[in-house]
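Comments concern the structure below.
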Amino acid sequence: MNRTDQLLIRHTTLFACALALAGCSAEFSSKKGGEAAEKKTGKSQKEKAVLVELAEVKRGMIESILERSAPLESEVRVEVKARTSNPAIELLVEEGDKVNKGQILLRLENDKQKNDHDQALSQLEKTRIEYERQENLYKDNLISEQAFRNAKFDLSQRQLSAETAQRQLEYTEVRAPIKGTITLRSVKVGDNVSTGSTIFEIIDFESTVAVVHVPEQYLPQLRPDMAARLISNTLDDKIFPAHVKRISPIVEARAGTIKVTVGVNQLGALRPGMWVDVELVLETKQDAVLIPKKSIVYDNDQTFAYKMHTSTNGVRSVKRQLVLPQNADKVHIEPIEGFAVGEKVVIAGQSGLKEDSKIRQVGDPDPDAKKSNDTAAADTNAPAASRSGT
């Protein structure tokens with residue numbers, strides 16, 4: 001064999017090896033691509049249905065509510081002050097007692113006032129007798145007109161002195177100026193009460209109100225006697241019916257608000273000084289489309305809800321729907337659009353959802369578990385079928 005033949009054989013061998021290597025590389029690439037596609041398909045098939053709770057979109061009543069908070073205050077509140085200086089000798093009421101107008105609350109020592117009063121009455125009687133005598137003399141023209149006028153003036157002065165003494169004696173009995181409840185007692189038996197000192201405070205609980213300040217844009221919706229509610233956190237969020245008692249005729253320019261006085265229909269356990277949440281019922285709709293507030297999810301400054309969608313093959317999934325509230329209360333929202341009566345929205349399990357996520361309800365069979373069982377059964381039956389074919 002010459003040198004030329006040896007070179008030809010060598011080149012042929014190298015070319016055959018190169019072809020073999022190229023074939024192996026193509027097979028490896030094909031196999032790798034197939035495995036990647038298989039993994040992708042498997043991942044898609046492994047997406048599980050999210051367990052959720054659904055609620056139906058319904059029609060119902062909803063109220064447009066304006067919420068504020070304010071302390072309760074009484075419009076009828078009186079400080080009872082001493083009108084004379086004397087020691088206290090008898091205390092007839094205590095804090096928390098209900099009293100009527102004119103009822104005696106406290107008695108003061110009255111020896112001096114009683115003596116002054118008796119003396120004034122005695123002098124008045126003496127002056128009256130003298131006046132009557134002067135009057136008879138004047139009728140008989142036995143005294144001058146000036147003397148008669150002086151007698152009449154003396155009688156008038158004695159009457160004023162007797163009335164003053166009577167008032168001073170009455171001041172020793174401290175009486176309630178209004179009907180209400182004693183909320184303060186600052187005196188006890190034996191104390192020397194000074195003129196002008198506050199000894200009692202009386203509040204008429206029936207005059208209790210809540211004063212709120214409403215933005216001026218709500219002025220067209222405000223009206224006297226409109227429905228309202230008071231809610232007390234202290235009393236386990238108990239609701240007390242109320243009404244708009246007064247609306248200020250002016251807008252406070254600096255704040256841009258209107259003063260609204262809300263009266264309580266029945267006070268119940270509410271007391272002046274308590275803080276309450278005030279709800280003004282601006283509007284009531286009887287046939288509104290409602291979705292539960294529990295369906296709402298937040299994304300930045302927008303609100304959404306997941307609506308259930310059922311495909312032609314019966315697979316349930318969700319679509320994310322923007323929620324634009326028109327009215328809202330503590331339980332429901334009335335959206336402007338995007339929802340129809342009878343549709344179902346997710347009210348629990350939203351955290352695991354995204355657009356087109358598969359869902360299932362509590363009690364529904366798990367479609368993924370069924371698919372796994374079918375796959376396992378197919379794998380078990382495959383060898384038997386192969387053997388029967390053989």
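The values are calculated or read from the model by the stated rules, or taken from the named source; none is laboratory data. Since we're looking at a predicted model, the values are computed, not measured. FYI the Cβ positions are ideal-geometry reconstructions off the backbone, even for glycines, and counts take in every protein chain you see.
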Matching option when the condition is surrounded by 13 or more Cβ atoms within 10 Å (Cβ to Cβ), within 28 Å of the chain's Cα centre (by Cα), touching a residue at least 12 places away in the same chain (Cβ under 8 Å) and part of a loop (DSSP other than H, G, I, E, B), among Leu270, Leu280: Leu270
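Report, by residue number, each residue of segment 82-94 that is loosely packed, with under 13 Cβ neighbours inside 10 Å and within 15 Å of Arg175 (Cα to Cα). Quick ask: steps written out before the conclusion?
Here is the first cut: in segment 82-94, the ones loosely packed, with under 13 Cβ neighbours inside 10 Å are 87, 90, 94.
Within segment 82-94, Glu90, Glu94 qualify.
If I filter segment 329-343 down to residues being without any contact (Cβ under 8 Å) to a residue 60 or more places away in the chain and assigned to a loop (DSSP other than H, G, I, E, B), which single residue comes out as surrounded by the fewest Cβ atoms within 10 Å (Cβ to Cβ)? It would help to see each step written out before you state the result.
So the first thing to find is which residues in segment 329-343 are without any contact (Cβ under 8 Å) to a residue 60 or more places away in the chain, and the list is 330-331, 333, 335-338.
From what's left, assigned to a loop (DSSP other than H, G, I, E, B): 330-331, 336-338.
Numbers: Lys330: 9, Val331: 11, Ile336: 12, Glu337: 11, Gly338: 15.
Looking at the filtered set, the residue picked out is Lys330.
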Subset of segment 342-386 (residues that are over 20 Å from Val52 (Cα atoms) and either β-branched (Val, Ile, Thr) or at pLDDT 75 or above (or both)): Thr375, Thr380
Looking only at segment 130-145, and only at residues there that are of a type in the set (A, V, I, L, M, F, W, C) and not in a helix (DSSP H, G or I), the one that is nearest to Gln159 (Cα to Cα): Ile143
Residue count for segment 294-328, restricted to those that are of a type in the set (D, E, K, R) and surrounded by 15 or more Cβ atoms within 10 Å (Cβ to Cβ): 4
Flag if Arg175 is surrounded by 14 or more Cβ atoms within 10 Å (Cβ to Cβ), closer than 30 Å to Gly268 by Cβ and either more than 39 Å from the chain's Cα centre (by Cα) or assigned by TED's automatic domain parsing to the domain that holds Pro272 (or both): yes
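What tally of residues in segment 192-229 results from selecting those that are farther than 30 Å from Arg83 by Cα and either free of Cβ contacts under 8 Å to residues at least 60 places away in the same chain or outside any strand (DSSP E or B) (or both)? Show your work before the answer.
Of all residues in segment 192-229, those farther than 30 Å from Arg83 by Cα come to 209-229.
Narrowing the set further to residues that are either free of Cβ contacts under 8 Å to residues at least 60 places away in the same chain or outside any strand (DSSP E or B) (or both) leaves 215-229.
Residues in segment 192-229 being farther than 30 Å from Arg83 by Cα and either free of Cβ contacts under 8 Å to residues at least 60 places away in the same chain or outside any strand (DSSP E or B) (or both): 15 in total.
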